[in-house]
Every structure is written in structure tokens, then in C-alpha cells.
1. At 20 °C and 1.002 mPa s, grab the translational diffusion coefficient of region 69-198 from Stokes-Einstein with a Kirkwood Rh over Cα pairs, rounded to a whole number in µm² per second.
2. Restricting to DSSP H runs of at least four residues, report the calculated mean residue ellipticity at 222 nm for the chain, -39500 (n - 2.57) per run over all residues, nearest 500 deg cm²/dmol.
3. Of the candidates Val254, Val139, Val218, which one comes out as most mobile in a Gaussian network treatment of the chain with C-alpha springs shorter than 10 Å?
4. Which pairs break 31 Å Cα to Cα here: Lys184/Lys238; Lys88/Lys184; Lys82/Lys184; Lys40/Lys82; Lys41/Lys188?
5. Using a Förster distance of 41 Å, how high is the FRET efficiency between Leu142 and Ile175, based on the Cβ-Cβ distance and rounded to 0.05?
6. Over the chain, what per residue volume does the convex hull of the Cα atoms give, in whole Å³?
7. Taking H placed 1.01 Å from N in the peptide plane, check which residues at least 5 places from Thr183 or on another chain put their amide H under 5 Å from its amide H.
8. Hey, any idea what Rg/Rh is for region 148-213, computing Rh the Kirkwood way over Cα pairs?
Amino acid sequence: MTQNVSKHAECRALRSSPFANYSGIHPYSGCIPALATMHKKERAFAPPFRRWLSLPLITCDAIDTDALGTFTGEIARQGSMKDVAGHKARLASGITGRRLGLGSEGSFGPHPYIPFAAVDQEMVALYDRELGITIYESVVSLRTNFLHLDIDKSSDLDAFLRCIGFPQHGIVIGIADEPAPWTKGVQKRHELDSAISELAKRADGRAIRITTDMRAHVNPTRMRVIRAAAARLARRVKSLCPSCGAPGFGIVDVQRGAPCSDCGEPTERIAATLLGCACCPRRELQPVRKSEPVDPKYCLVCNP
Ligand SMILES: [Zn+2]
Ligand SMILES: [Zn+2]
């Protein structure tokens, strides 16, 4: 019992120190993580991993990441985004023989609440073969050009291309009800025009559809969101568990029920975050700062 108390006092002291994560050598010091990518995602991962962990990366393009699911519908994704990101990270470690593997997976779709808005969700994962753990982070962003256009006489192709950031952002083109493969990665206007006239010859009244190419190397907007997720991952990896010292101590869950500022009843707003370790059972409840009272508009009692 005494031992437990003193151990926790030690943990508190360690945590409160601004040098908590600098006091020793990080367990990954000297490692060179391998990133699974066919689409230049090192542009997103390398800067934050250098900045937060001083780690260089190597890429592993021997993994056909497209075989695990494509955005253009040839191959459906098997399992959740988390499953696929973790699987890519484990493959990268396995193939290169490195202790650490990195992987990522994105998903796009209409925003669940905001009409006509789209969201980009990016999941990133780091696998540690030695500890047998996978550390995850994700970002959900409204910054995406995810959009399509069915070309007809009334459609304004130029306005669409301006809106999605062509030609810096690539596009995919095909006949709307035809299965993939479509022509991907189009970034030149003359290529687009000739693809449209080729498709028009056999469209037979069916719509010619242009969609944004969501692969990272031809979509700088998406690359920036992946970079934000990779930065979160690097910061989380830097944070060590106060109990066992494993990297990746961070938010594992949230607790809702912050009290309404008017009636005091619990609301759906977040009251606390639960921090946890991927390696040991250590958990810590961290209350959300009280400075912002919950507006009664979020209260089911005051605003049913
Ligand atoms: Zn209330
Ligand atoms: Zn731990």
C-alpha cells in the first residue's frame, strides 16, 4: 500500500514537471520508423516526426496500400479505418524489419449535421513491434474539396474546377453508372478535355462524372489534414506513460455530462477526458477547464 502511494506521488511529480518527457532518452530515440505509402505521405509525416521526436522516416512502397481499399470503388475497404491504418503500420514494420511502422487511412463523406458540407477523417497509426502496441490518432476536418460534377449542358465546368482547386488538385473522370476503373490523377486541362470527348462518344445519354481525386499526392488539401493527424500522433508518441514509461499516453475516451450553467443538470457536453496508456492499465481523468460554462442551449432540460 505504502509502495503504491509513493509510486503515485512519484508519478504526480513526474507529470507536473515540464521536463516530464525530456528527462530521459525517449524509448524511440535512434529508431527509423517505416511508413507504408504509395502516395507520397512522407510529405505529411516527416516534418512532425522530425519536429516532435527528432526521428527520420523511411517509406515502404512494397505494400500495395490500394489492395486494402481505394476511394474510386475498385476495392472496398475491409474493416474500420482504424483496422486498416493499424494493418498498414504492422505491414510496414514487418516488411522493412523496423521496430516501428506507420500507416494511415482516410474517409470522406457528407457532414452528418451541416447540409452540403463534406468532411475528411484521417486516421493514423504507429505500430511498435517490441512493445506489441499500436498508437492511434485521428483528425476530422471540414477542409476538403470532396465533390463531384455530372456534366450536362447547364453545368459550369470552369466554376467546378476553380472550386476544387484544379490543377493543383487532381480529378477522376468516368461514366457515372459504369464501374471503376476510371481515369485518375488528371491534372492537365487538355487531358481533361480529351477524356470528356472520348467518354462522350460512348456515354449514350449517361452522365459523364468528374470527381475530386482524394489520393494524397494529387490532393494537397487532404495532405494538409494528414499532416495535422501525423502531428497529433507525433505529439502523443512523445508523451510517455507516467506508470510504465511507454510512449503514446493520451486521450482514450471522453466523459459527457458537463453541468448546464443555468439549471445544473448534466448535458451532452464533455465534462472530462480519460487519458490512458496503450501498454498498461494506467488511466487518468482530466476535467475539462471550468472556465467555459455550458450554454443552456445544449441542455435538454432548459432547451428540450
Ligand atoms: Zn439547463
Ligand atoms: Zn503505461
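Coordinate-derived values only; no laboratory data. The shown structure was predicted, so the numbers you read here are calculated from the model rather than taken from an experiment. Ideal geometry is used to build each Cβ from the backbone, glycine not excepted, and the neighbour counts take in all protein chains shown.
1. Taking Rh from Cα pairs, D becomes 125 µm²/s.
2. -9000 deg cm²/dmol
3. Judging by the Gaussian network model, the answer is Val254.
4. Lys184/Lys238
5. In this case the efficiency is close to 0.85.
6. Per-residue hull volume (Cα only) is 179 Å³.
7. Placed amide hydrogens put Ile173 under 5 Å from Thr183.
8. 0.92
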